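Presented below is the structure to which this report refers.
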Amino acid sequence: MLPGQEEPVGPVKGAFGQQFLNGPSIRNNFTIISFNRVFASLVAGLATGVLGITGWGGFAYYFLVHALLGLPLYLKTKCQPTEYLQSGRSLWVDEVLTSTSLLTFILFWTLTHNFVHLF
């Protein structure tokens, strides 16, 4: 890179039309999606606990929230997620069943449910 030049974001076309991906930009985009998933898990857990949803309905609400989170992210990428991520499915399924997201949801779900409905 020359001084004063910005680093390209997303894929860059090569001389023969190959698509090159910028690793730091993709890693940064993945980190942002991960943060959004954890925050959505926190908010979904709070809402599920306040609403008093128990059992499998709570997990259905968790998956619904994460499915709905994929829509604004998809629109933010101008309906071309492969320009910003390695695959288009990253917006919809990555980080949904990780321990961080799922356990954050369960923690805030049970904590809020106990505070609101038991105490």
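If I stretch the segment between GLN86 and ASN114 completely, what's the gain in nm (0.36 nm per residue apart, minus their alpha carbon distance), one decimal?
So the extension gain works out to 6.0 nm.
Using only Cα atoms, what Kirkwood radius does the range 52-103 have, in angstroms?
12.1 Å
For ILE106, ILE32, ILE26, give me the order by solvent-accessible area with a 1.4 Å probe, most accessible first, ignoring ligands, DNA and RNA.
ILE32, ILE106, ILE26
For PHE59, PHE39, give me the order by solvent-accessible area with a 1.4 Å probe, most accessible first, ignoring ligands, DNA and RNA.
These residues rank, largest area first, as PHE39, PHE59.
Tell me, what ³J(HN,Hα) does each residue in the range 97-109 have, in order and in whole Hz, if you take phi through Karplus 6.51 cos²θ - 1.76 cosθ + 1.60 with θ = phi - 60° and put x for Gly and Pro?
Values per residue, Gly and Pro as x: 9, 6, 5, 5, 5, 5, 6, 5, 4, 5, 4, 6, 5 Hz.
Please give me, ordered by residue number, the trypsin sites (Lys or Arg not before Pro) of the range 41-119 that lie in loop per DSSP and have at most 14 other Cβ atoms within 10 Å.
For trypsin sites (Lys or Arg not before Pro) across the range 41-119 that sit outside H, G, I, E and B with at most 14 neighbouring Cβ atoms in 10 Å, the list reads LYS78.
When only the heavy atoms of the protein chains count and the probe is 1.4 Å, how do HIS113, HIS66 rank by accessible area, highest first?
Largest accessible area first, the residues go HIS113, HIS66.
The values are calculated or read from the model by the stated rules, or taken from the named source; none is laboratory data. Being a predicted model, the structure only gives us computed values, none of them experimental. For neighbour counting, all protein chains shown are included, and Cβ atoms are generated from backbone atoms with ideal geometry for every residue, glycine included. These accessible areas exclude ligands, DNA and RNA; they are computed on the full protein's heavy atoms, side chains included. Shrake-Rupley method; radii C 1.70, N 1.55, O 1.52, S 1.80 Å.
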